[in-house]
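The values are calculated or read from the model by the stated rules, or taken from the named source; none is laboratory data. If you're wondering where the values come from, they're calculated on a predicted model, not measured in any experiment. FYI the Cβ positions are ideal-geometry reconstructions off the backbone, even for glycines, and counts take in every protein chain you see. These accessible areas exclude ligands, DNA and RNA; they are computed on the full protein's heavy atoms, side chains included. Shrake-Rupley method; radii C 1.70, N 1.55, O 1.52, S 1.80 Å.
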Protein chains: 2
Amino acid sequence: MNIKPTIHDIAKALGIDSSTVSRALNDSPRVTPVTKAKILAKAKELGYQRNMLASNLRKNETHTIGVVVPRISRHFFSSAIQGIEESAYLAGYNVIICQSLEQLEREKKIVSGLVANRVDGLLISVSMETLNYDHLEILKKSGIPVIFFDRHCAIEGVSSVLIDDFKGGFDATNHLISKGCKHIVHFSGPQALEIYKNRFEGYKAALLENNIPFNEEYVISSRLMEQDGYISMQKLLAKNLPIDAVFSANDLSAIGAMKHLKEQKISIPDDIAIVGFSNEPVSSVIEPSLTTIDQSGFEIGKVATELMLEHIKNKKTPKKGQTILIETHLIERNSSKILN
Amino acid sequence: MNIKPTIHDIAKALGIDSSTVSRALNDSPRVTPVTKAKILAKAKELGYQRNMLASNLRKNETHTIGVVVPRISRHFFSSAIQGIEESAYLAGYNVIICQSLEQLEREKKIVSGLVANRVDGLLISVSMETLNYDHLEILKKSGIPVIFFDRHCAIEGVSSVLIDDFKGGFDATNHLISKGCKHIVHFSGPQALEIYKNRFEGYKAALLENNIPFNEEYVISSRLMEQDGYISMQKLLAKNLPIDAVFSANDLSAIGAMKHLKEQKISIPDDIAIVGFSNEPVSSVIEPSLTTIDQSGFEIGKVATELMLEHIKNKKTPKKGQTILIETHLIERNSSKILN
DNA sequence: CTGTTAGCGCATTCAG
DNA sequence: CTGAATGCGCTAACAG
């Protein structure tokens, strides 16, 4: 049998009308329990399975949310997807996951494909190539609600759910200060990118609040690769400045810095405490003494999805665009060892 | 505008029939180039986008392949997905990725959802809970081709694309032998699982071929956690047997073993060479000296998809079930150091 | 409570 | 080459 039964097949077999079958299958109260039971039995017997294409076409809604991320394999995004799926499934929605692989061309195709398949909403974390976003701007006309998460575009009226990098940087610095550190280095990334700018601002704000003078010499900008952290630490030590701790804008460069300290036989836990924004759980495996700032992808996914579900519900009275910030979470490792 | 234009809208605007529009949009040769151009222009002007729900319903095919994996975040599966997407997109197919999270209940829902959405084929790597597979057996009736990859079920007529664990174990052992090792330990997993059994058989076969006597004392079975590798190595050293190398059935326990060796100040590269089946690229970061056996997820994805596309094409004359084995790939790290 | 009718948007006969 | 008519499978008015 490769012919799939339809509601008509089961209606015919029972000598009733297909509309009654449809109602029964949708558990409408307007069908006698008796006939409903008969219909369900027959449906099971024939191995009936609703054709969602037809159903969705008719109802003009798919109960499906399209999700576009740069890469599913990145820890942050796979946990975000986890959060998205959890919220979506609870609300009876399906999820279609797509990855742009950081390519604008792919992203365009994916978005247009999702629209063609009439997803009810679109959650997207744009690719790094997405500097021009006409393909997303167009969506406003299509009436499909869009929400950005983690990486966003400045489109009027579209909401974003983002990591609170400022607070993350603030908390990290504050944490080190509370441990007694005063001379805190900051490894920063390209200031053109908001995330790095915000983390840097958080760092400065925490120093200010604790009456610790800001010293430019303690800030080192780089591309934050492991190699960069290694070299930065090398340069720092050469300067012979007092250093109590390092707050790195990501984990890779923090790991690089630790590597260099180890090679120089400088005891990390006792002399220098390091905190890094973490991208992968790996970092804590590689460096068990690294305290990390988790970007709670799960939560960002949940929040974005719940916001999306509201948008879908109130489609007629669309909400204004808003920005929701998700707090990061500081995870202390081997904390007892840090600065004793 | 949240009203999406249809072929009728563009037909009306041009004073022609919607069927002509449909043909033009499908690039049918039975439309004058002039009208075709007009239609395409109008389509673009109105921001027309084909409703795939309607199109798919009508054509009774979705050009979409459903993919079910336990977890997208696991390296092996995300690379498999990469391979699947590459092959699928080249052939003009879309892919819907779903994760069962190793839960049978979720897997059942996902499969039935994909079928309801009329995917043209199903690529699945079953969950660990999938011991009963009625929900997959049923698919044979639905006429939707199914192919297992990496993890399979014994269903008559359904093809599988699997890792060649026997050859992987054989190659790993052979590699160590070729480096001059004679006393080779094997960390194995539960023999109830085919993968571990096959890797073990490969190990034995390689010994046999090289006239090295098999010694049961060199085989240690465990659940292959990092902790297990650590303890196994501890026990082994206590036995005071000669050991040249270790072939571990996964990377975790290999890492555990290395850890213990390091703690005991036993030089790994020179004294004991270790090879482990790798699950994550992480392992080579944690232990740069670990030689790993890569399970080439990308290739398994590609091969499974290409087989699937053939199945879809020849739907009327279905192929018999077959099993395709994908070779693993040995990746030497710091190889110059191993056994000098 | 059930049947009749209509149509979602598209692709494909069959006529012209 | 184009138009008219039909139906994919389902749901939702509207009647009864």
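Kindly check whether there is at least one residue in region A:81-95 that is on the phi < 0 side of the Ramachandran plot, open to solvent by 30 Å² or more (accessible area, probe 1.4 Å) and near DNA strand D (Cβ under 9 Å from one of its atoms). There is no residue in region A:81-95 that is on the phi < 0 side of the Ramachandran plot, open to solvent by 30 Å² or more (accessible area, probe 1.4 Å) and near DNA strand D (Cβ under 9 Å from one of its atoms). A single member of A:ASN174, A:ASN210 is without any contact (Cβ under 8 Å) to a residue 40 or more places away in the chain and within 13 Å of A:ALA245 (Cα to Cα), and it is A:ASN174. Scanning region A:186-196 for residues that are buried (at least 21 other Cβ atoms within 10 Å of the Cβ) and part of a helix (DSSP H, G or I) gives A:ILE195, A:TYR196. Mind listing just one residue for me: the one in region B:42-51 that is within 14 Å of chain A (Cβ to nearest Cβ) and touching a helix residue (DSSP H, G or I) at 6+ places or on another chain (Cβ under 9 Å) and, of those, least open to solvent (accessible area, probe 1.4 Å)? Looking at the filtered set, the residue picked out is B:ALA43. Taking region B:82-103 only, how many residues are farther than 20 Å from A:GLY83 by Cα and either within 11 Å of another protein chain (Cβ to nearest Cβ) or touching a residue at least 24 places away in the same chain (Cβ under 8 Å) (or both)? Residues meeting the conditions: 13.
Inside region A:57-80, residues that are closer than 25 Å to B:GLN99 by Cβ, within 14 Å of DNA strand D (Cβ to nearest atom) and modelled with pLDDT of 95 or more make up a count of 2. Scan region A:121-143 for residues that are open to solvent by 10 Å² or more (accessible area, probe 1.4 Å) and either closer than 17 Å to A:VAL95 by Cα or of a type in the set (Asp, Glu) (or both) and the total you get is 3.
Filter region A:144-166 for residues that are in contact with a Ser or Thr (Cβ under 7 Å, 6 or more places away or on another chain) and either of a type in the set (Lys, Arg) or loosely packed, with under 15 Cβ neighbours inside 10 Å (or both) and give the result. Of everything in region A:144-166, just one residue is in contact with a Ser or Thr (Cβ under 7 Å, 6 or more places away or on another chain) and either of a type in the set (Lys, Arg) or loosely packed, with under 15 Cβ neighbours inside 10 Å (or both), namely A:ARG151. Where helices (runs of 4 or more DSSP H) fall wholly inside region A:1-81, the ranges with 1 or more residues that are more than 15 Å from DNA strand C (Cβ to nearest atom) and not aliphatic (A, V, I, L, M) are A:33-46. Of everything listed in (1) more than 16 Å from DNA strand D (Cβ to nearest atom); (2) facing another protein chain (nearest Cβ under 9 Å), the single unmet condition for B:ALA54 is (1).
Screening A:TYR218, A:TYR230 for residues that are under 19 Å from A:ILE293 (Cβ atoms) and among the aromatic types (Phe, Trp, Tyr) leaves exactly one candidate, A:TYR218.
Which residues, taken from region A:29-41, are farther than 19 Å from B:VAL115 by Cβ and surrounded by 12 or more Cβ atoms within 10 Å (Cβ to Cβ)? Within region A:29-41, A:VAL31, A:THR35, A:LYS36, A:ALA37, A:LYS38, A:ILE39, A:ALA41 qualify. Can you tell me which residue within region A:2-25, out of those that are free of Cβ contacts under 8 Å to residues at least 24 places away in the same chain and within 14 Å of chain B (Cβ to nearest Cβ), is nearest to B:SER142 (Cα to Cα)? Top of the filtered list is A:ASN2. For region B:104-127, a tally of residues being within 11 Å of another protein chain (Cβ to nearest Cβ), more than 19 Å from A:GLY83 (Cα to Cα) and part of a helix (DSSP H, G or I) returns 6. Here B:ARG199 meets the list (1) of a type in the set (Lys, Arg); (2) touching a residue at least 24 places away in the same chain (Cβ under 8 Å); (3) surrounded by fewer than 21 Cβ atoms within 10 Å (Cβ to Cβ) almost entirely, failing just condition (3). Counting only helices (runs of 4 or more DSSP H) that sit wholly inside region A:223-296, those with at least 2 residues that are in contact with a strand residue (DSSP E or B) (Cβ under 7 Å, 6 or more places away or on another chain), buried (at least 19 other Cβ atoms within 10 Å of the Cβ) and modelled with pLDDT under 90 are A:251-263, A:282-286.
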